[in-house]
Amino acid sequence: MENKKKQGKLKRILAKRGMGQVITVTIGLVALVIVFALLNPYFLTGRNISNLLRQIAPTLLTGIGQSYVLITGNIDLSIGSVVGMSCMTSATLMTKGVNPWVAVIITYLACLLIGLLNGKLISKAKLPAFIATLGTMTIARGIAQIVNNNYNTDSIGEAAEGFMNFFYYGKTLGLFNTIWITIVIWLVFNFLLSRTRTGRHLYAVGSNMHAAHLSGVNISSTVTKAYLVSAFCSATVGLITTATSGMGTMDAGNGYELYAVAASVIGGVSTLGGQGILLGTVIGASVWGVLQNGLQFAGAPVAIRNIVIGVIVIITVLLDLVVRQNKKVGTGKVGTGKTTSIGLKHKA
């Protein structure tokens, strides 16, 4: 009887949307770690693993936000710019004498306004997600540039030492605080996605928006929540960036929206919406981090690292499209309208 219960629980876990790809990618991650460890004995040293985890953290955080948005069938192109806006806003406030923790609160509120704007433009004004977040991407980057009159900030100074230790340099129980922050945020948003009504609504909207609406799901509220999560995660990465460098830089966060997509789709989050789990985002971010770190140890130039990541993302998305199309054909569900990853309706 007990064995049957265990088997039933295992089946339920394996039946989760996106779990199959998580298992496949995890096997690939283990293989990558073995290969790089054989190529360079320093790869698995405690120091490198600690630095690797801290390197993965920002990608995972932005990946969590992008995963929420992708699950609703949309995309967030403003992530990198919100990271830059967070970095510059927090650093500028601190260099002007504002208490670091007050600066943190103001920064979060400002970034959440971008998330709120994204959500309302897409759900209320019916703008395609690609267009709406392309616009807010430009706005957020403009704010990052204008807050300190188109200059990077000076050092945030010794008064912000506690801030820098909390977000980057400090350690708790042997792990850098950046890693602990990422773990806590992942636990909270994973619980929200997998155990609450809000999570079920996110999947419902991404799977079939019309059916979700008929079932009583508040589409506007659900989509907006996804973009607020994305903005919160991006703001956190911006604060980590400020703590890392001890200053604000206007180009902070460049390319992070692409890293976030990579972490999400490699980990099994579908660009078509309605599928994926945050455990997969952890694996996807880890694959990205291990590849970057391992190829760096192997002496590969940055261009080659970027090409490898890009190829993996393309292959992953293509496989997802093939699998989803086969499922539709197999179940006879062909010709149903679907929201694409840029928030446009199309007919299959």
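The requirement of being at pLDDT below 90, hydroxyl-bearing (Ser, Thr, Tyr) and closer than 19 Å to Val205 by Cβ is not satisfied by Ser264.
The set of residues in the range 67-96 that are within 28 Å of Ser270 (Cβ to Cβ) and assigned to a loop (DSSP other than H, G, I, E, B) comprises Thr72, Gly73, Asn74, Ile75, Asp76, Leu77, Ser78.
So, Thr133, is that one farther than 30 Å from Glu161 by Cβ and among the polar types (S, T, N, Q) or not?
yes
Scan the range 37-48 and tell me whether some residue there is over 16 Å from Gly255 (Cβ atoms), free of Cβ contacts under 8 Å to residues at least 24 places away in the same chain, surrounded by fewer than 24 Cβ atoms within 10 Å (Cβ to Cβ) and polar (S, T, N, Q). Reasoning before the result, please.
In the first step, residues of the range 37-48 are kept if they are over 16 Å from Gly255 (Cβ atoms); the result is 37-48.
From what's left, free of Cβ contacts under 8 Å to residues at least 24 places away in the same chain: 37-38, 41, 44-47.
Next, only the ones that are surrounded by fewer than 24 Cβ atoms within 10 Å (Cβ to Cβ) stay: 37-38, 41, 44-47.
Cutting the leftovers down to polar (S, T, N, Q) gives us 45.
Yes, there is a match, as at least one residue in the range 37-48 is over 16 Å from Gly255 (Cβ atoms), free of Cβ contacts under 8 Å to residues at least 24 places away in the same chain, surrounded by fewer than 24 Cβ atoms within 10 Å (Cβ to Cβ) and polar (S, T, N, Q).
Checking each residue in the range 265-320 for being within 19 Å of Asp76 (Cβ to Cβ) and part of a loop (DSSP other than H, G, I, E, B) picks out Gly267, Gly268, Val269, Ser270, Thr271, Leu272, Gly273, Gly274, Gln275, Gly276, Ile277. Going through (1) outside any helix (DSSP H, G or I); (2) under 25 Å from Gly170 (Cβ atoms); (3) not aromatic (Phe, Trp, Tyr) one by one, Ala235 falls short only on (1). When Ile146 is tested against (1) surrounded by 14 or more Cβ atoms within 10 Å (Cβ to Cβ); (2) of a type in the set (A, V, I, L, M); (3) within 21 Å of Ala252 (Cβ to Cβ), just one condition goes unmet, and that condition is (1). Among the residues of the range 256-263, is there at least one that is closer than 20 Å to Leu61 by Cβ and not in a helix (DSSP H, G or I)? There is no residue in the range 256-263 that is closer than 20 Å to Leu61 by Cβ and not in a helix (DSSP H, G or I).
The listed residues are Lys333, Lys338, and the only one of them that is modelled with pLDDT under 75 and surrounded by fewer than 17 Cβ atoms within 10 Å (Cβ to Cβ) turns out to be Lys333.
Show me the helices (runs of 4 or more DSSP H) entirely contained within the range 97-197 in which 2 or more residues are under 27 Å from Ala226 (Cβ atoms), within 19 Å of the chain's Cα centre (by Cα) and of a type outside the set (Val, Ile, Thr). Please lay out each step first, then the result.
Details: elements: 100-123, 129-146, 161-164, 177-195.
Output list reads 100-123, 129-146, 177-195.
The values are calculated or read from the model by the stated rules, or taken from the named source; none is laboratory data. Every value quoted in this text rests on a predicted model; they were computed, and no experiment measured them. Note: ideal-geometry Cβ built from the backbone for every residue, glycine included; neighbour counts use all protein chains shown.
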